[in-house]
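Shown next, in structure tokens, is the structure this report addresses.
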Amino acid sequence: MSICWETFDNLNKYGAVAYTKPQLGRPVATGPNTTKSSICISRVYLEVMERYKNRSTDSTFEAYFDGILDNAGVPENRRPRKIDLDSAALRATLMFASYLLHEFAHAFCKAYVERPLERPPLTWAREPWLADNRSNELGLAFTDAIFGGVPTSTVFRHKDFNTPEEGYAQCYYAPFGLHFPRKWKQWSTKTKPDEGLLEQGKQDDLTAPMTFYPIAQQQV
């Protein structure tokens, strides 16, 4: 397994802040139909940490938070008195760790779980199920097991504001704090026949409210 920093353009093709791919030539990992892989993670994290490190001489890091509050139209009386920049850097580090754990689970699966190259039959699951969740998204299941929940950046979305680049930046800067869903992918339904979603428990999930637990900025 290897780790590399990825550009925005390549990440945008996958619609993800990080992804795991087989290494060139699909070298065998532990046995037939397994492969070594590379974890590709956004260079935005390097940008965040570099700006944080230079915050005493460069205001770019702090300006990001002021700018996004302006763009989101947050009134002055609802704004934080002061953005805690140390807390902001910790949030970025927590999200980086979360993404890394997520992708490590996928890389581990590729290395130890046999997966034929050809498209599998509809009865074949792409990844193992963990923690009794209907979805077999192993990265989320592993993150949930480690953190006791899946940390997620609370983001602001608006058609006139959210470019893909800004969306990725919010995932790392987490300017509006973080939140944890009580149950990840709770309302998910199949969009394709071979998607790893169990039918068992589906109605219970779809009829129950989806609960989120916010974490205020100063608490991380």
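The values are calculated or read from the model by the stated rules, or taken from the named source; none is laboratory data. Keep in mind the model is a prediction, meaning the values are calculated, not measured. Every residue, glycine as well, gets a Cβ built from its backbone with ideal geometry; the counts of neighbours run over all protein chains shown.
Working only within segment 53-73, note down all residues that are loosely packed, with under 15 Cβ neighbours inside 10 Å, touching a helix residue (DSSP H, G or I) at 6+ places or on another chain (Cβ under 9 Å) and under 17 Å from T154 (Cβ atoms).
N71, the sole residue that qualifies.
Does T30 qualify as being assigned to a loop (DSSP other than H, G, I, E, B), at pLDDT 85 or above and not acidic (D, E)?
yes
Would you mind telling me which numbered condition in (1) surrounded by fewer than 16 Cβ atoms within 10 Å (Cβ to Cβ); (2) in a loop (DSSP other than H, G, I, E, B) E127 fails?
Status for E127: all satisfied but (1).
Under 6 Å by Cβ, and 6 or more places apart or on different chains, what pairs join a residue from segment 47-61 that is in contact (Cβ under 8 Å) with a residue 40 or more places away in the chain with one that is of a type in the set (A, V, I, L, M, F, W, C) and surrounded by 13 or more Cβ atoms within 10 Å (Cβ to Cβ)?
Once the first residue is in contact (Cβ under 8 Å) with a residue 40 or more places away in the chain and sits in segment 47-61, its partners that are of a type in the set (A, V, I, L, M, F, W, C) and surrounded by 13 or more Cβ atoms within 10 Å (Cβ to Cβ) give V48/A92; Y52/F61; Y52/A89.
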